[in-house]
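Peer 1: The structure is given below, and queries will be raised subsequently.
Rule-based calculations on the coordinates, nothing more; no lab input. Note that the structure is a prediction, hence the values are computed from the model and not measured. Glycine gets a Cβ as well: all are built from the backbone with ideal geometry, and neighbour counts include every protein chain shown.
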Amino acid sequence: MEDVAGLHPELIASGNTITINIYDEAVKPIPTKGFSGSALVTRGKDRETVKLEPADTNVLRGEAKSALKGVTIAVALRTAAGKSGPDSGPRSEAHGLM
């Protein structure tokens, strides 16, 4: 996944769950307290916005209504300091995206 809001996120889509692990440039975990985000899940013409919330120390997580197979996911994040940014693009299983 490309940098988002100056961070290095790792997106993992498994079942209905979208998990974003947040790291700095040195791949050290960044606490997500005060962060927020959303994921736009596109499946053909169907779209769903999934709210992402802090879950663990460096994790944002959200639940889609259905399994994340054959979808495109675009993510927007906002840090506790208010910095924000999107990321979107082609997804593949090799990158943890379905």
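Peer 1: For the pair residue 66/residue 80, report the inter-label distance in nm, with labels modelled 7 Å from Cα in the Cβ direction.
Peer 2: Placing both labels 7 Å along Cα→Cβ, they lie 3.8 nm apart.
Peer 1: Let me ask something else about it. Name the lysines eligible as straight-distance cross-link partners of residue 45: C-alpha to C-alpha under 20 Å, and not fewer than 8 places from it in the same chain.
Peer 2: Reachable lysines: 65, 69.
Peer 1: First obtain the Kirkwood hydrodynamic radius of segment 8-87 from its Cα pairs, then insert it into the Stokes-Einstein equation at 4 °C and 1.567 mPa s, and state the resulting D in µm² per second as a whole number.
Peer 2: This corresponds to a translational diffusion coefficient of 102 µm²/s.
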